[in-house]
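Rule-based calculations on the coordinates, nothing more; no lab input. In this text, all values refer to a predicted model and were calculated from it rather than measured experimentally. Reconstructed Cβ throughout: ideal geometry from the backbone, glycine too, with neighbour counts over all protein chains shown.
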Amino acid sequence: MSALSFALRRSTHTVTSREQRHVAFWGGTVGQLGAVELVVPALEVVPVRDRDTSGAAVTGESVPPSSFTGLGYRGRPRLARGRLQVAGQEAALTRSSWRTSREGRALRIRVVGREYRYQERGNRRHHVLERAGARVEMARSSASVASETLRGTAGGAADSVDLSLAILLEGVYTRNLSLRGAFVSAPGRLLDRLGG
């Protein structure tokens, strides 16, 4: 795939239940892959009675479905106890919370026979997903979960799996991929976990 740029815009759907009040949707067309949508929190990937877990999901015309579930924080799943599925396959996730550099704190992902590295770039609004020969850069219009636009640029041999995964990770709380972000968000995550 040659360089591809795209934008997903936030929208709201009619509320049909109390649980859906805070659900956000980002959708748009991603090149030849057609329509793609990110949903956060994706209630369909979380057990109904599980109040501690949150989820995010990506679906589309020509992208493999992907989902991430983890301990919830402000409506998004965190990396803590995270489970990632891409194209029906469970991913192996590793990261080092003891490293100080963004590169050292990167999330490492093994799924569908590929190895990825996902890290914060520049600031908390910019992330990059890389594997050998492929790269997808993502940017939010704001740092908030309610960001109006998610923009992406794919290059190299990036394909539908790479794009599904990169878009999905924008719906995950990844502030602790930088040391500063980990320090800033620690008190809130602790209070949230304690029910405060």
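Using the Kirkwood radius built from alpha carbon pairs, what does the Stokes-Einstein equation give as D for segment 54-162 at 20 °C and 1.002 mPa s, in µm² per second? All intermediate terms of the calculation are to be shown ahead of the outcome.
Working: Rh = 14.8 Å.
In µm²/s, the coefficient is 145.
Backbone amide hydrogens, once placed in the peptide plane, bring Glu61 within less than 5 Å of Ala35, excluding anything fewer than 5 places away on its chain.
Quote the charge dipole size of segment 30-107 about the Cα centre in Debye, to the nearest 20; the model charges only the Cβ of Lys and Arg (+1) and of Asp and Glu (-1).
540
3J(HN,Hα) along segment 105-110, derived from phi through the Karplus expression 6.51 cos²θ - 1.76 cosθ + 1.60 where θ = phi - 60°, amounts to 8, 4, 7, 9, 10, 10 Hz, with x in place of Gly and Pro.
Length gained on full extension, Glu115 to Thr149, computed as 0.36 nm times the residue gap minus the Cα-Cα distance: 9.5 nm. Residues whose amide H comes within less than 5 Å of that of Glu148, counting only those at least five positions distant or on another chain, are Ser141, Ser142 (H built at 1.01 Å from N in the peptide plane).
Close amide H contacts of Ala80 (hydrogens built in the peptide plane, cut-off under 5 Å, sequence separation of 5 or more or a different chain): Leu71.
In a simple Cβ point-charge model (Lys, Arg +1; Asp, Glu -1; nothing else charged), segment 66-179 has a dipole of about 500 debye relative to its Cα centre.
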